[in-house]
Amino acid sequence: MHAASRAALAEVRERLEARTRPASGLLERARERLSGAPRAASGDDLTGLADELFAVARLLDGQPSLRRALSDPAATADARAGLARRLLSGKVSDATLDVVETMARQRWSRPLDLVEAAETLGVEAAFDAADAQGELDGVEDELFRFGRIVAADPELSRVLSDRTGPTQGKVELLDRLLAGKVSPVSALLLRNVLTASHVGHAETAIERLSESASARRGRSVAFVTTAVALTDAQEQRLTGILARLYGRTIGLQVTVDPDVLGGLIIRVGDEVIDGSVVHRLEAAGRRLTG
């Protein structure tokens, strides 16, 4: 996103937070009663809000003329918001309608940014739902584990990463894979993110979701690959070392891969620490042949 769209998203995100954060204090509760617009603060309300925001993203993605109209700089903010209200009133919750009207009032660098904004807000509302239900830790773990399943299956990765593949086919595939195995929030996130028309590499998209869940919990995530499973004591020691190294709380997502032979491969963001036996052997081979 360019600067104008980033500023617009920040405004809409603030509005979303106002509609999802529980009212605190007598003044806020009184304003809520007077406005007749209760906040979507329960887990179920927030899940519904996320689902509707994803639906709005799909609508905007499939109708270029509509997103152009909702971001038309020649129209007034009230006119754009009025169009959103006429289109969605009675079809979505008041909270969703309020957020979409706020989107329509902003200045966007390009119409397609409305799609990305609606998807981003859907993801954030879904994490809000998981947080409200005390399931954020579990959602992060489920996202990571599903990402490992996709990474280990080249054909599955190819199908889920194929932008030209039929959306309904992807939805049915994901429903079969996820049904009864992950929480409703994890299923909602994976189904919507992986069936978006602009999805890139599926494994990368899932990893970003897992990292976002970790960031919501106030920590960064270290992706660790090891030849053998780490003990609880080893994980705690590694967590402490990484926390001191990076100066912030670090959570681990561990993958066991015998091909590394021994040692660890650790990735935090774009930085990779490769202490595997394979890496050391390769380095020794380069020195011998150099």
Choose one answer from D78, D131, D45: the residue with the largest mean-square fluctuation in a GNM of the chain with alpha-carbon springs under 10 Å. D78
On C-alpha positions alone, give me the angle between the axis of helix 77-88 and the longest principal axis of the chain, in degrees, nearest 10. 80 degrees
Normalising by the residue count of the chain, find the relative contact order in percent from Cα pairs under 8 Å and 6+ residues apart. 15 percent
Quick one: angle between helix 277-289 and the longest Cα principal axis of the chain, in degrees between 0 and 90, rounded to 10, please. 60 degrees
Around D113: net Lys/Arg minus Asp/Glu count, Cβ-Cβ under 12 Å: +2
How large is ³J(HN,Hα), in whole Hz, for each residue of region 64-75 in order, when computed from phi with the Karplus curve 6.51 cos²θ - 1.76 cosθ + 1.60 and θ = phi - 60°, using x for Gly and Pro? x, 5, 5, 5, 5, 5, 6, 10, 5, x, 7, 8
Just to confirm the number: angle between the C-alpha axis of helix 3-20 and the first principal axis of the chain, 0 to 90 degrees, nearest 10? 80 degrees
Can you tell me the length gained on complete extension of the stretch V272 to E172, counting 0.36 nm per residue apart and subtracting the Cα distance? 32.4 nm
In terms of modelled amide H atoms, which long-range or inter-chain residues lie less than 5 Å from the amide H of T255? V224, T225, T226
Taking the Cα centre of each part, how many Å lie between region 179-201 and region 43-62? 13 Å
Give me the extension gain from Q63 to A4: residue separation times 0.36 nm, minus the current Cα-Cα distance, reported in nm with one decimal. 19.0 nm
Across T120, T96, T76, the residue with the highest GNM fluctuation in the chain (Cα network, 10 Å cutoff) is T76
Which residue fluctuates the most in the chain, going by a Gaussian network model with Cα springs under 10 Å, if the choices are D137, D175, D259? D259
Exposure proxy order (Cβ contacts within 10 Å, fewest to most) of S197, S220: S197, S220
Fewest-first sequence of K170, K181 by Cβ atoms within 10 Å of each Cβ: K181, K170
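Every number here is computed from the coordinates shown, using simple stated rules; none is lab data. In this text, all values refer to a predicted model and were calculated from it rather than measured experimentally. When we count neighbours, we look across all protein chains shown, and the Cβ atoms used for this are built from the backbone with ideal geometry, even at glycine.
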